Amino acid sequence: MNRRTILKSSIALAGTFLLKSGQATTMRESEKLQTAYISHLACAKHEMGAQHPEQPARMLAVEQALYDAGLLQKMRRFDAPKASKAQLARVHSRAYIERIFKQSPSAGLVQLDADTAMNPYSLEAALRASGAAALGVDLVMTQQAAHVFCNTRPPGHHAGRESSAGFCIFNHVAVAAAHAIAQYGLQRVAIADFDVHHGNGTENIFHDDPRVMLCSSFRHPYYPHSGADSGNHHIINTPLAAGSNGQAFREVVTKQWLPALAQFKPQLLIFSAGFDAHLEDKMGGLAWLEDDYQWITEQLKLVAHQHAKGRIVSVLEGGYALNALGRSAATHVKSLMD
Ligand SMILES: [Zn+2]
């Protein structure tokens, strides 16, 4: 199948993955610390309307690019489990979780906010995206994988304790960080968010929890119009002007993220990996290239190896120009694996 056939059939069939679960790479003792790939067909069935940019084809574009780059074949593949309500309740209110379960439609679309809707598969997709991130934590904490990449949707970083927003229903990186703290007793978890949009949901959840450091770069002023002046010693917000290139990003990371992370000494590193700051992503309006994703991945890998025994869990957030999304995600994953 060529790319077009795969994408076309995957949109129609809600997911035709290139490797079936049963074909997961067998693990030899010597290859114990491979990079893991967590995904699920249900995440490709969540759809918010034909014209919505957060579309099933995004996930397939990422998987296709990983396959074309020869990376997927070297990864251990896991199906994303559903997060439990108890896992979600560490970062979302019980009332909010119950509201989302109640609003899940049996047919058609239910609008949660201006940008986010649920179809009959959205609840399962969101639960599995959060579950993937939590499983990723389990895999790196129990040394079953060195690094993990979660190719899931909907994204999560705009979801706050009580609110959906910006295509996000549950906050997967927050679920993962809270899981690492509750399940494994970690004291310090860092989240690095390089999506073009501010990780406002993640900040909302952890603003007053110094066990979690959030480093978030974002175009400003821009949606969600937050982050420029709300940071503190563990919320490192680095706004970037519209149109700025990867060099501007590298400068704020070098000047602000890396010193903060060096002082914080994270025991686990989680990426909110959005690829919508890419030059070709017209919705994002920044001008990064694949090299910039390689650079940030390498820089934070050094941090993870210095302080966190190399543990990295990366979770897909935004990225809407399908070709650039696939190439950028493949560059990021390759840098994780190298
Ligand atoms: Zn984004």
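Read-outs: derived from the displayed coordinates by stated rules, not from any lab. Keep in mind it's a predicted model, so treat the numbers as computed, not measured. Backbone-built Cβ (ideal geometry, glycine too); neighbour counts: all protein chains shown.
All of Ala329, Ala304 fail the test of being away from the ligand (no atom under 16 Å from the Cβ), assigned to a helix (DSSP H, G or I) and farther than 20 Å from Gly201 by Cβ, apart from Ala304. Among the conditions (1) within 17 Å of Gln256 (Cβ to Cβ); (2) within 15 Å of the ligand (Cβ to nearest atom); (3) out of contact with any strand residue (DSSP E or B) (no Cβ under 6 Å at 6 or more places or on another chain), the only one that Asp229 does not satisfy is (2).
Mind telling me which of the residues Ser230, Ser226, Ser216, Ser244 ends up being closer than 24 Å to Ala126 by Cβ and more than 18 Å from the chain's Cα centre (by Cα)? If you could, list the steps in order and put the result at the bottom.
Working: Ser230 fails: closer than 24 Å to Ala126 by Cβ; Ser216 fails: more than 18 Å from the chain's Cα centre (by Cα); Ser244 fails: closer than 24 Å to Ala126 by Cβ.
Just a single option satisfies the conditions, and that option is Ser226.
Picking from residues in region 196-206 that are assigned to a helix (DSSP H, G or I) and in contact (Cβ under 8 Å) with a residue 40 or more places away in the chain, the one that is surrounded by the fewest Cβ atoms within 10 Å (Cβ to Cβ) is Asn204.
What residue, of Asp209, Asp138, Asp193, Asp115, is within 15 Å of the ligand (Cβ to nearest atom) and surrounded by fewer than 22 Cβ atoms within 10 Å (Cβ to Cβ)?
On the way: Asp209 fails: within 15 Å of the ligand (Cβ to nearest atom); Asp138 fails: within 15 Å of the ligand (Cβ to nearest atom); Asp193 fails: surrounded by fewer than 22 Cβ atoms within 10 Å (Cβ to Cβ).
None of the others qualify; the one that does is Asp115.
Of all residues in region 307-325, count the ones that are away from the ligand (no atom under 16 Å from the Cβ) and either farther than 15 Å from Leu258 by Cβ or free of Cβ contacts under 8 Å to residues at least 12 places away in the same chain (or both). Result for region 307-325: 6.
Within region 178-230, the set of residues being among the aliphatic types (A, V, I, L, M) and farther than 15 Å from Leu316 by Cα comprises Ala178, Ala180, Ile181, Ala182, Leu186, Val189, Ala190, Ile205, Val212, Met213, Leu214, Ala228. Within region 282-305, residues that are polar (S, T, N, Q) sit with their Cβ atoms under 7 Å from residues that are in a helix (DSSP H, G or I), at 6+ positions apart or across chains, in these pairs: Gln294/Thr331; Gln294/Ser335; Thr297/His332; Thr297/Ser335; Thr297/Leu336; Gln299/Val253; Gln299/Leu258. Could you tell me whether any residue of region 175-189 is more than 15 Å from Tyr223 (Cα to Cα), within 16 Å of the ligand (Cβ to nearest atom), touching a strand residue (DSSP E or B) at 6+ places or on another chain (Cβ under 9 Å) and not in a loop (DSSP other than H, G, I, E, B)? Scanning region 175-189 turns up no residue that is more than 15 Å from Tyr223 (Cα to Cα), within 16 Å of the ligand (Cβ to nearest atom), touching a strand residue (DSSP E or B) at 6+ places or on another chain (Cβ under 9 Å) and not in a loop (DSSP other than H, G, I, E, B). So for region 266-288 (the condition being surrounded by fewer than 16 Cβ atoms within 10 Å (Cβ to Cβ), away from the ligand (no atom under 16 Å from the Cβ) and assigned to a loop (DSSP other than H, G, I, E, B)), does at least one residue qualify? No, because not a single residue in region 266-288 is surrounded by fewer than 16 Cβ atoms within 10 Å (Cβ to Cβ), away from the ligand (no atom under 16 Å from the Cβ) and assigned to a loop (DSSP other than H, G, I, E, B).
Does Arg311 satisfy the criteria of being touching a helix residue (DSSP H, G or I) at 6+ places or on another chain (Cβ under 7 Å) and more than 27 Å from Ile205 (Cβ to Cβ)? So Arg311 fails the test. Output the residue which, of all residues in region 289-301 that are assigned to a helix (DSSP H, G or I) and more than 23 Å from Ser39 (Cβ to Cβ), is nearest to the ligand (Cβ to nearest atom). Within region 289-301, the match that is nearest to the ligand (Cβ to nearest atom) is Asp292. Out of all the residues in region 215-227, is one or more of a type in the set (Gly, Ala, Ser) and either surrounded by fewer than 19 Cβ atoms within 10 Å (Cβ to Cβ) or in a helix (DSSP H, G or I) (or both)? Looking through region 215-227, none of the residues is of a type in the set (Gly, Ala, Ser) and either surrounded by fewer than 19 Cβ atoms within 10 Å (Cβ to Cβ) or in a helix (DSSP H, G or I) (or both).
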